[in-house]
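Reading through the structure tokens given below for one structure.
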């Protein structure tokens, strides 16, 4: 007598996923992770909701290769990157219609710092690194790279993939 998924006709991977438990089991972790990256509670909440919705919609494609939390975190990382890109696009649009570039006062025409970095920092280095202005500058600089180099930069530094995964 056969037992298991073959007899029930259900997918064992889908049985591992319990979307009704995602908020209870992973919600706080995902929120803290998003808040750490974007430093705005309202944006972090929206990103977590978007993540859970995307996971719900894509649950059939979940292969079970990673734990649910890792899978959800990977989706959240992409949502954060998309949010950062959108934020940069909006700032670039403001610059096109006459608003000052957020980096104009930081760099000279040759791309060198106008002021020493110490003057720019207002708190601990960890706080300054996570500021949205930092990410805006990183995204602006990354956008100036050739597409292949930019893709490698994003995968290595933002998505923290290994060299083997990138290749």
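The values are calculated or read from the model by the stated rules, or taken from the named source; none is laboratory data. As the structure is a computational prediction, the values presented were derived from the model and not from experiment. For neighbour counting, all protein chains shown are included, and Cβ atoms are generated from backbone atoms with ideal geometry for every residue, glycine included.
A single member of 74, 65, 95 is under 18 Å from the mean Cα position of the chain (by Cα) and either modelled with pLDDT under 90 or closer than 22 Å to residue 156 by Cβ (or both), and it is 74. For residue 79, the test of being on the phi < 0 side of the Ramachandran plot, out of contact with any helix residue (DSSP H, G or I) (no Cβ under 7 Å at 6 or more places or on another chain) and at pLDDT 80 or above is failed.
Looking across the stretch 20-51 at every residue that is farther than 21 Å from residue 158 by Cα and in contact (Cβ under 8 Å) with a residue 12 or more places away in the chain, the one that is surrounded by the most Cβ atoms within 10 Å (Cβ to Cβ) is identified as 26.
Just so you know, in the stretch 59-73 the residues that are in a helix (DSSP H, G or I) and free of Cβ contacts under 8 Å to residues at least 40 places away in the same chain include one that is nearest to residue 29 (Cα to Cα), and it is 70. For the stretch 156-167: of the residues being closer than 20 Å to residue 86 by Cα and surrounded by fewer than 16 Cβ atoms within 10 Å (Cβ to Cβ), which is modelled with the highest pLDDT? This residue is 157. Listed by position, the helices (runs of 4 or more DSSP H) contained in the stretch 1-58 that have at least 1 residues being at pLDDT 90 or above and touching a strand residue (DSSP E or B) at 6+ places or on another chain (Cβ under 6 Å) form an empty set.
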